[in-house]
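Student: Have a look at this one.
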Amino acid sequence: GPPQGVTVCVRLRPMFLTRPDGTPAREASCKRVVEMEGKAEKGCGNAVTKIYDPNDMSAKPKEYAFDRSYWSCDGFKEDPERPGFNIPDGPDSKYVSQDMVWDDIGKMIMKNALRGYNCTVFAYGQSGSGKSYSVVGYKPNIGIIPNTIDTLYAEVDNNKDENIRYLVEIAMLEVYMDEVYDLLEPRKKERTKLNVFINKGEVFVYDAKDRKNMDKIWRAAADKDKAESFRSLGDANRSVRPTGMNPSSSRGHTIFMCRFRKEAKQGDLWIEQLRSKLSLVDLAGSERAHDTGLTGVGLEEGIAINQSLTMLGQVLQSLCKGERVNYRDKLTQLLAESLGGSAVTVMIAAISPADINYGDTISTLRFADSAKKMPVQVKKQLDPTAQLIADLKEENDRLKKQLDSVGGGELADQNMKAKEDTDAKLAVRLRK
């Protein structure tokens with residue numbers, strides 16, 4: 001079955017030693033304060049992440065145990081068979097490549113999504129820590145989203161059964177300054193703000209001017225090329241600004257979603273067999289104003305990012321304590337379905353090895369440590385017709401027991417009438 005609880009992975013990026021123009025970068029003279037040791041119980045990577053106090057490197061380090069600790073800091077070389085792709089530089093290297101991350105957790109996510117379970121991957125960390133590299137990457141070192149598209153459409157294309165069909169829809173949203181925008185809409189100066197509505201644990205996103213269309217954000221993607229074009233369009237429409245921490249810093253949280261359905265033909269009807277929703281969340285990085293060097297709108301963006309991440313942390317704390325959760329801001333409302341505890345959930349906490357980022361790295365590790373305690377009981381996404389049949393069958397059984405216990409008479413007649421009404425409702429719903 002699918003993993004219960006949150007799978008927490010920490011990934012350590014390389015030091016930023018030089019800028020693209022060859023001049024020294026801000027970490028050129030820094031010490032590395034992070035180490036990883038031990039072997040992960042499952043998959044690749046290490047088991048323990050250690051962080052040393054840069055003011056006293058001889059002191060005992062703080063230790064954190066996670067499901068995976070991915071060392072991607074050094075110990076790599078270019079693959080001679082794939083120019084530009086990074087691989088471990090020897091048998092003793094701890095380096096974890098993009099392919100290794102995909103094989104370790106990406107394939108597990110896809111396997112469960114194709115079995116009808118909702119799945120979510122979060123990437124969390126300070127600005128410039130490597131979140132987008134894990135989630136999106138760049139050619140040829142592609143990340144989880146491009147690999148997801150490749151794997152999903154391989155499943156679709158390999159289907160040769162005329163009585164089976166797959167339906168795939170793509171949506172891509174941005175939470176910017178606590179407002180939700182559709183990244184697949186053409187970028188305009190005045191973008192349409194979207195509303196978020198939660199009904200029985202399911203999240204709906206809609207345009208207030210078109211309330212009846214709850215599927216407006218979803219685009220059908222018949223093939224891999226169409227899905228990839230949507231992803232590229234959404235990526236180009238993101239709000240990005242250069243900062244002192246990152247030359248292409250995301251100024252909003254990005255959520256790439258894929259809705260997947262498998263249907264089987266029965267007579268003249270297509271009956272849904274399973275459904276799932278895959279959400280890949282690239283959270284904007286937490287940041288400090290004196291590090292980014294931003295003022296004006298850029299500073300306001302940073303404040304909004306930090307506030308939303310604080311709210312996300314508070315929601316996680318409430319979930320861990322079993323308290324009633326208040327999804328008060330747009331980010332947590334959008335993620336309510338994933339945070340609600342019924343989806344296969346993976347968190348990738350991206351961290352920097354440099355001593356100048358010690359405070360942010362400690363904060364990220366604490367956040368990841370708290371995420372381990374989040375209660376998750378994964379549930380399969382039943383198709384509505386199958387759920388309806390199960391509910392009505394349960395009602396019929398209840399009425400039959402009443403009939404058997406009471407026998408004839410007026411009450412039995414009433415119960416028989418109720419049973420007939422239930423059967424009639426079932427017939428109407430199935431025809432629909």
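Student: Using Cα positions and a limit of under 18 Å, work out the aspartates and glutamates in reach of K77, with same-chain residues fewer than 8 apart set aside.
Tutor: D89, D92, D99
Student: Further, regarding this structure: Write down the Å³ per residue value for the convex hull defined by the alpha carbon atoms of the stretch 319-365.
Tutor: Working: hull volume 5.3 nm³, N = 47.
Convex hull of Cα atoms, per residue: 113 Å³.
Student: Tell me, what is the per residue accessible area of the stretch 42-97 in Å², probe radius 1.4 Å? Mind showing how you got there, number by number?
Tutor: Working: 3030 Å² over 56 residues.
With all protein chains present, the stretch 42-97 gives 54 Å² per residue.
Student: Could you compute Rg(Cα) / (2.2 N^0.38 Å) for the stretch 1-76, with N its residue count?
Tutor: Values: Rg = 15.3 Å, N = 76, 2.2 N^0.38 = 11.4 Å.
Compactness ratio reported: 1.34.
Student: Another question, then. Within 15 Å, Cβ to Cβ, of E78, how many net charges do the neighbouring residues add up to if Lys/Arg are +1 and Asp/Glu are -1? Intermediate values should be presented prior to the final figure.
Tutor: Values: positive: K77, R82, K139; negative: D74, D79, E81, D89, D99.
Around E78, the charge tally is -2.
Student: To continue, here is another question. I'd like to check one number: the per residue accessible area of the stretch 292-378, probe 1.4 Å, reported in Å² as a whole number. Can you show the working numbers first?
Tutor: Details: 3330 Å² over 87 residues.
Value returned for the stretch 292-378: 38 Å² of accessible area per residue.
Student: Using all C-alpha to C-alpha distances in the stretch 156-253, build P(r) with 5 Å bins and read off the rounded percent in each one.
Tutor: Distribution as computed: 2, 11, 17, 19, 17, 13, 9, 6, 2, 1, 0, 0 percent.
Student: Could you please tell me the mean projected area of the C-alpha convex hull for the stretch 88-182, averaged over all directions and given in square nanometres to one decimal?
Tutor: Values: hull surface 36.6 nm².
For the stretch 88-182, the mean projected area of the Cα convex hull comes to 9.2 nm².
Student: Given a 1.4 angstrom probe, what's the average accessible area per residue across the stretch 157-286, in square angstrom?
Tutor: Numbers: 6900 Å² over 130 residues.
For the stretch 157-286, the per-residue accessible area is 53 Å².
Student: Give the aspartates and glutamates whose C-alpha is closer than 19 Å to that of K189, dropping any in the same chain fewer than 8 places away, or say none.
Tutor: E174, D178, E179, D207, D235, E300, E301
Student: Out of residues 5 or more away from F76 or on other chains, whose amide H comes under 5 Å of its own, with H placed 1.01 Å from N in the peptide plane?
Tutor: Those qualifying (amide H under 5 Å, at least 5 residues apart or on another chain) are D89.
Student: Run down the lysines and flag those whose C-alpha is under 26 Å from the C-alpha of K160, throwing out any fewer than 8 positions away in its chain.
Tutor: Answer for K160, where 26 Å is the Cα cut-off: K107, K111, K224, K226, K262, K265, K277, K380, listed by chain and number.
Student: So if I take the alpha carbon set of the stretch 17-151, get Rg, then get Rh from the Kirkwood formula, what is the Rg over Rh ratio? If you can, show how the numbers build up before the last one.
Tutor: Working: Rg = 16.6 Å, Rh = 16.9 Å.
So for the stretch 17-151, dividing Rg by the Kirkwood Rh gives 0.99.
Student: How large is the convex hull of the Cα atoms of the chain per residue, expressed in Å³ as a whole number? Let's see the in-between values first.
Tutor: Working: hull volume 83.5 nm³, N = 432.
Cα convex hull per residue, to the nearest whole number: 193 Å³.
Student: For the chain, what does -39500 (n - 2.57) per DSSP helix run (n ≥ 4), summed and divided by total residues, give at 222 nm, in deg cm²/dmol to the nearest 500?
Tutor: -10000 deg cm²/dmol, from helical runs alone.
Student: Share of antiparallel DSSP beta bridges in the chain, in percent to the nearest 5?
Tutor: Around 70 percent of the beta bridges assigned by DSSP in the chain are antiparallel ones.
Student: Sticking with this one: Where the accessible area of the stretch 132-265 is counted over protein heavy atoms with a 1.4 Å probe, how much of it, in %, is carbon and sulfur? Spell out each step's value before the answer.
Tutor: Details: 3250 of 6910 Å².
Looking at the stretch 132-265 in its full context, I get 47 percent from C and S.
The values are calculated or read from the model by the stated rules, or taken from the named source; none is laboratory data. Not measured: the values here are computed from a predicted model. As a convention, Cβ positions derive from the backbone with ideal geometry for all residues, glycine included, and neighbour counts pool all protein chains shown. Calculation scope for accessible area: heavy atoms of the full protein, side chains included, ligands and nucleic acids excluded. Shrake-Rupley method; radii C 1.70, N 1.55, O 1.52, S 1.80 Å.
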